[in-house]
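Note sheet for the following structure.
Just so you know, all these numbers are worked out from the coordinates, no wet-lab data involved. Bear in mind the structure is a predicted one, so any value in this text is a computation, not a measurement. Cβ: placed from backbone, ideal geometry, glycine included. Neighbour counts: every protein chain shown.
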Amino acid sequence: MLGLTKKQEAVRKFIMDELNAGRPCPTRREIAAHFGFASSYAAACHVQALIDKGILVAEEGKARALRLAQSFPGVHRPASAEIPLYGSIPAGFGEDREQEPDGCVVVDIASIGFKPTRNTFALRVRGDSMTGKFICDGDVVILEHGPEPRNGDIVAALIDRKTTLKTFVQKGGKRFLKAENPKYPNLVPSEELVIQGVFKGLIRKA
C-alpha cells in the first residue's frame, strides 16, 4: 500500500484480518506479541504511524477502539517519520548511565522543520536546568549525532563519563557546558567532553 513501510503494511493487514474475522481489535500488546516486538511501545509506534497516515482511526481512551478509515484512498496526510527514542537524559546535574533504546516517537516532518536521518534520535528530558531555553521536564528533544556543535548550541553530551543536556560554550579555547537555569553551575570537563548529539527540535509534553 502506498506510503507504508513493509512492517506498517503487515500491522495494517493483521488488524484488518482480526476485524474482518469478527474478533475485537488487537491491543498494542497483542500486536507486539504477534510480530515478536520487544515491547508494546514498538507496536504503538507502528499503530500511531498508521493513524497519522489516515489508515486507522482511534477513539481516545479505549485500548481496542481502532478501525480502518473508510476514506483512506483519498485522504492526504502530512509526511511523518519515526525517530528512535533512547531513554531519558538529565537536564540537571550529569548522571552516570547508558542510554537504552525505548521505542520511537512519530513526528510530523513539517512541524519539526527538517527531514530526520539515520543519525537522528530523541531523548526524554528529566530536570529543570534548561528552562531558560524553554526545555522542561518531560519534554522530548530531537538531536542529530555527528555535526560539530557551534557556540551556543544545545547538546547532549558525555562529560567526564556523565550524560547531560546543556548549552555548548567555547570561550578562549576552552569548551564547557552551560545550564540555562541560574541554580545550576557551569560544567567544566576535568577529563573529557564528548558531544553525543546537537539539538534539532522539541516535542512538548502533553
Study note, to complete from the structure: Between the modelled labels at LYS7 and SER39 (7 Å from Cα along Cα→Cβ) the distance in nm is 1.3 nm
Practice item. Kindly put MET130, MET16 in sequence by how many other C-beta atoms sit within 10 Å of each C-beta, fewest to most. Key: MET16, MET130
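Dipole of the range 80-203, Cα-centred, from +1 at each Lys and Arg C-beta and -1 at each Asp and Glu C-beta, to the nearest 20 debye? Show your work: numbers first, answer last.
Working: 16 positive and 17 negative charges, 96 e Å.
It comes to approximately 460 debye.
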Check your understanding: Which one of PHE199, ALA122, VAL106 is farthest out on the positive end of the charge dipole of the range 80-203, using unit charges on Cβ (Lys, Arg +1; Asp, Glu -1) and the Cα centre as origin?
Key -> PHE199
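Compute the orientation-averaged projected area for the range 147-206 from the convex hull of its Cα atoms and round it to one decimal in nm².
Values: hull surface 19.9 nm².
Mean shadow area of the hull around the Cα atoms is 5.0 nm².
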Point to revise | Estimated inter-spin distance, ARG150 and ASN186, nm [label 7 Å along Cα→Cβ] | key: 2.1 nm
Point to revise | Loop-located chymotrypsin sites (Phe, Trp or Tyr not before Pro) in the range 118-183, at most 15 other Cβ atoms within 10 Å (DSSP) | key: PHE134
Practice item. Using label points projected 7 Å from each Cα along Cα→Cβ, tell me how many nm separate VAL194 and PHE176, to one decimal. Key: 2.3 nm
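Can you put PHE199, PHE14 in order, fewest other beta carbons within 10 Å first? Spell out each step's value before the answer.
Numbers: PHE199 20, PHE14 15.
Fewest to most other Cβ atoms nearby, the residues stand as PHE14, PHE199.
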